[in-house]
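Okay, so here's the structure we're looking at.
The values are calculated or read from the model by the stated rules, or taken from the named source; none is laboratory data. None of these values were measured; they are calculated from a predicted model. All Cβ positions, glycine included, derive from the backbone under ideal geometry; neighbour counts span all protein chains shown.
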Amino acid sequence: MDSSVSGKTVIVTGAANGIGLAIARRFVELEANVVLADRDEKRLVAEVDALQNGAGKAMAYHGNLQEKLTVNNLMAATIDAYDTIDILVNASRQILPSDPLVDKDGVFEQLMHQNVTVNLRLAQAVAKRMIAQSKNREKDEIIGAIVNLSSIAATRTMPELMAYSVSSAALDQLTRSLAVAFADHGIRVNGIAMGSLMSASLRESLKDDADLHGIIEAATPLGYIGEADEAADAAVFLASSKANFITGQILAVDGGRSLVDTVSIPAH
């Protein structure tokens, strides 16, 4: 178990269920102070109540992070509770099918806003706080880490998921750009490209398609669908001191799918 995140303050978005919740739970287990942010207030509060018995501390923050005021309030609530912010995990993302010919429902704009713009605003706000609270930073000292959750869809060509694929690719480029921009301040930025993981969206898809489970397993070199904890372990690693010399990287956690994947199998 990595003790370098013990006592650190971590914000995890999309933390009421699925992969975001698994990441938040893992940080709590490692004795970090964790702010779980999500729109689903009822489920969020229930999950935080369940985490209160852990070694770390957990706090719920309910709100729509697509609104700038909500981002500001999240920052204020976190600082008020724990004084500092050391780690941000942008785990909130949206997956929707899209029509390549007509974006009649505004899906493209919606996913670009949720999967890219919201993450940018949070990263900027958190980075400013990290810099402000580390005025006496020594040269080469790492003061914070940001982890963005993306998808192997960023490098796949699937017209039915065009908006999601493009937003994932944009998020990957955002991750690399911020990594360079924040490097002089001692802030690392990395991403996790997920695929073949039991996310909330994949779980729902499996309910609707009895054959999908076997199809994904067949397309995955390791031969199984990973659990949410696989992403949690990767997020903790990238946020910990063990990854101090790693920044601007997109780590694929997909059982090898991105090495052999075909365009006909949706990436989750």
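For the reader, a short list of remarks on this structure follows.
- Candidate set from the stretch 174-206 (those that are under 23 Å from residue 114 (Cβ atoms) and exposed (fewer than 14 other Cβ atoms within 10 Å of the Cβ)); member that is nearest to the chain's Cα centre (by Cα): 177
- Across the stretch 1-41, the qualifying residues are those that are polar (S, T, N, Q) and touching a strand residue (DSSP E or B) at 6+ places or on another chain (Cβ under 9 Å), and the one among them that is modelled with the lowest pLDDT is 17.
- Of all residues in the stretch 126-151, those that are on the phi < 0 side of the Ramachandran plot have Cβ atoms under 6 Å from Cβ atoms of residues that are of a type in the set (Phe, Trp, Tyr) and in a helix (DSSP H, G or I), 6 or more apart or on another chain, in 127/182.
- Residues of the stretch 209-258 classified as closer than 27 Å to residue 181 by Cβ, of a type in the set (Ser, Thr, Tyr) and touching an Asp or Glu at 6+ places or on another chain (Cβ under 7 Å), total: 1
- Test: residue in the stretch 167-176 that is part of a helix (DSSP H, G or I), within 23 Å of residue 9 (Cβ to Cβ) and of a type in the set (Lys, Arg): no
- Checking every residue in the stretch 77-94 against the condition of being buried (at least 22 other Cβ atoms within 10 Å of the Cβ), in a loop (DSSP other than H, G, I, E, B) and polar (S, T, N, Q) gives at least one match.
- Residues in the stretch 41-59 that are out of contact with any helix residue (DSSP H, G or I) (no Cβ under 9 Å at 6 or more places or on another chain) and of a type in the set (Asp, Glu): 41, 49.
- Flag not set for residue 44, criterion: at pLDDT 95 or above, surrounded by fewer than 17 Cβ atoms within 10 Å (Cβ to Cβ) and in a helix (DSSP H, G or I).
- Residues within the stretch 123-147 that are among the hydrophobic types (A, V, I, L, M, F, W, C) and part of a loop (DSSP other than H, G, I, E, B), tallied: 2
- Just one residue in the set 120, 65 is in contact (Cβ under 8 Å) with a residue 24 or more places away in the chain, of a type in the set (A, V, I, L, M, F, W, C) and not in a helix (DSSP H, G or I); that residue is 65.
- Hey, residue 234 modelled with pLDDT of 90 or more and either out of contact with any Pro (no Cβ under 8 Å at 6 or more places or on another chain) or surrounded by fewer than 17 Cβ atoms within 10 Å (Cβ to Cβ) (or both) or not: yes
- Residues in the stretch 210-226 that are exposed (fewer than 13 other Cβ atoms within 10 Å of the Cβ) and either without any contact (Cβ under 8 Å) to a residue 12 or more places away in the chain or under 20 Å from the mean Cα position of the chain (by Cα) (or both) were compared, and the one that is nearest to residue 254 (Cα to Cα) is 218.
- Within the stretch 100-111, being surrounded by fewer than 17 Cβ atoms within 10 Å (Cβ to Cβ) and either without any contact (Cβ under 8 Å) to a residue 40 or more places away in the chain or part of a helix (DSSP H, G or I) (or both) holds for 101, 102, 104, 105, 106, 109.
- Scanning the stretch 55-76 for residues that are of a type in the set (A, V, I, L, M), within 25 Å of residue 142 (Cβ to Cβ) and crowded, with 17+ Cβ neighbours inside 10 Å yields a total of 5.
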